[in-house]
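Let me begin by presenting the structure, written as structure tokens, before commenting on it.
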Amino acid sequence: MSYFSTDFTLGILGGGQLGKMLLTETLKYDIRTIVLDPSAEAPARFGCHAFFQGDLMDYDTVYQFGKQADLITFEIENVNVDALERLESEGIKVYPTPKSLRIIQDKGAQKAFYKAHGIPTAPFEPFPSPALLATAVAEGRWTYPFVWKSTRFGYDGNGVKIVRNPQDLHALPEGPCIAELCADIDKELAVIVARSPKGEVATYPIVEMEFHPEANQVEYVLCPARIAESISDQARKIALQVAEAFGSIGLLAVELFLTKEGEIWVNEVAPRPHNSGHYSIEASYTSQFEQHLRAILNLPLGSTESKVAGVMVNLVGAEGYAGDVIYEHIEDVLSLQGVTPHIYGKRQTRPFRKMGHITITHPNIEQARSLAQKVKETIKVISKQ
């Protein structure tokens, strides 16, 4: 099949910042794209050939949208899998596969999948409701502190909470969940694996993630991770094991815990371009977005090597501000060498909403991290008063 400058149509479910950045690559290749998103203000609405507003979880909406495409991919996991399975059965390619997405959508099923395939992960137990979890705590099967995770619809730290006392436990929202052992974490790592239908596989360098202590959001991503080569090799091996088990096509971001005892546990995965790979736009020979496109189109995969060390800083809405966004002091950041901002195009800010990111490149990772700190302290995402 010829993809370039033809009527071939790539359908993208989700028009957020990941869709917007993916479209920069389809535009380079002159690939026709259509996008479906619930919001009329979706960041990707300007970069595609046709934009459709609709509910990603609605069966008919996703099915009718998909009928217009030759191949479908997505930038968000919360989409109607039943519709994707029907489209796949009718000959439309869907990558990553609906089969893998169905497992990944449910954190309980995802954790059970790791256990069944001998993939190291934190000890856990599923519960149909917080009330039954509370019973397990009362019986002494779980002791404080532990991690609570909603099995569905979590994102950017939402749906995850450390439960430290009975007050935390009784404040949990209703719905199926899992309890997970609090890992004694030394570092949080991530590996992006690319796989194509013809079996070509590539991994990006291991990255190190630093999280906001309250919002449970990534603040910084550092590439390369500041870890021993033996740890890097082990992390890459586990990530490849996960991708092989899922039979993933496209990108699979594998988030990992490195414990203080030197063990590596899989936390969770994302079957798409991921926040942990944004540094690659400036720092790698092949960005994660181009790589995802190459993989799902069954084209040769690009080099995953870094040209230079990179640190990504997330730009999130400042606490206490909501409304029309202002990027305060962005001119000061732009004056710094090796600093590249990415503004996602969301008009409205609110506390901790992802509004953009900034990449800092430098030959030395410690220098890049120091400059990233300066960037973080300089720019503020606020709103009009």
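Scanning the stretch 347-375 for residues that are under 23 Å from the mean Cα position of the chain (by Cα), basic (Lys, Arg) and open to solvent by 70 Å² or more (accessible area, probe 1.4 Å) turns up Arg347, Arg350.
Every condition in (1) open to solvent by 10 Å² or more (accessible area, probe 1.4 Å); (2) outside any loop (DSSP other than H, G, I, E, B); (3) of a type outside the set (Phe, Trp, Tyr) is met by Ala239 except one, and the failing one is (1).
Just wondering, is there one or more residues in the stretch 275-295 that are in a loop (DSSP other than H, G, I, E, B), open to solvent by 50 Å² or more (accessible area, probe 1.4 Å), free of Cβ contacts under 8 Å to residues at least 40 places away in the same chain and of a type outside the set (Phe, Trp, Tyr)?
No, there is no match, as no residue in the stretch 275-295 is in a loop (DSSP other than H, G, I, E, B), open to solvent by 50 Å² or more (accessible area, probe 1.4 Å), free of Cβ contacts under 8 Å to residues at least 40 places away in the same chain and of a type outside the set (Phe, Trp, Tyr).
One residue is enough: does the stretch 147-167 have a residue meeting the conditions part of a loop (DSSP other than H, G, I, E, B), closer than 23 Å to Gly262 by Cα and either charged (D, E, K, R) or in contact with a strand residue (DSSP E or B) (Cβ under 7 Å, 6 or more places away or on another chain) (or both)? No, because not a single residue in the stretch 147-167 is part of a loop (DSSP other than H, G, I, E, B), closer than 23 Å to Gly262 by Cα and either charged (D, E, K, R) or in contact with a strand residue (DSSP E or B) (Cβ under 7 Å, 6 or more places away or on another chain) (or both). Within the stretch 86-103, the set of residues being in contact with a strand residue (DSSP E or B) (Cβ under 8 Å, 6 or more places away or on another chain) and farther than 12 Å from Leu13 by Cβ comprises Glu88, Ile92, Lys93. Scan the stretch 209-218 and give yes if some residue there is buried (at least 24 other Cβ atoms within 10 Å of the Cβ) and at pLDDT below 95, otherwise no. Yes - at least one qualifying residue is present in the stretch 209-218.
For the stretch 108-126, a residue qualifies if it is open to solvent by 30 Å² or more (accessible area, probe 1.4 Å) and either in a helix (DSSP H, G or I) or hydrophobic (A, V, I, L, M, F, W, C) (or both), and the qualifying residues are Ala109, Ala112, Lys115, Ala116, Phe124. Residues in the stretch 187-241 that are among the small types (Gly, Ala, Ser) and within 17 Å of the chain's Cα centre (by Cα): Ala190, Ala194, Ala215, Ala239.
Of the helices (runs of 4 or more DSSP H) lying entirely inside the stretch 4-96, the ones with 2 or more residues being touching an Asp or Glu at 6+ places or on another chain (Cβ under 8 Å) and at pLDDT 95 or above are found at 17-29, 59-66. Of all residues in the stretch 305-341, those satisfying the criterion of being buried (at least 19 other Cβ atoms within 10 Å of the Cβ) and within 21 Å of Leu23 (Cα to Cα) are Met312, Asn314, Leu315.
Going residue by residue through the stretch 8-25, is there one that turns out to be open to solvent by 40 Å² or more (accessible area, probe 1.4 Å), in contact with a Pro (Cβ under 7 Å, 6 or more places away or on another chain) and closer than 30 Å to Cys177 by Cα? Looking for residues that are open to solvent by 40 Å² or more (accessible area, probe 1.4 Å), in contact with a Pro (Cβ under 7 Å, 6 or more places away or on another chain) and closer than 30 Å to Cys177 by Cα, one finds none in the stretch 8-25, hence no.
The values are calculated or read from the model by the stated rules, or taken from the named source; none is laboratory data. Computed from a predicted structure; not experimentally measured. Cβ: placed from backbone, ideal geometry, glycine included. Neighbour counts: every protein chain shown. When the accessible area is computed, the model is the full protein with side chains, heavy atoms only, and any ligands, DNA or RNA have been set aside. Shrake-Rupley method; radii C 1.70, N 1.55, O 1.52, S 1.80 Å.
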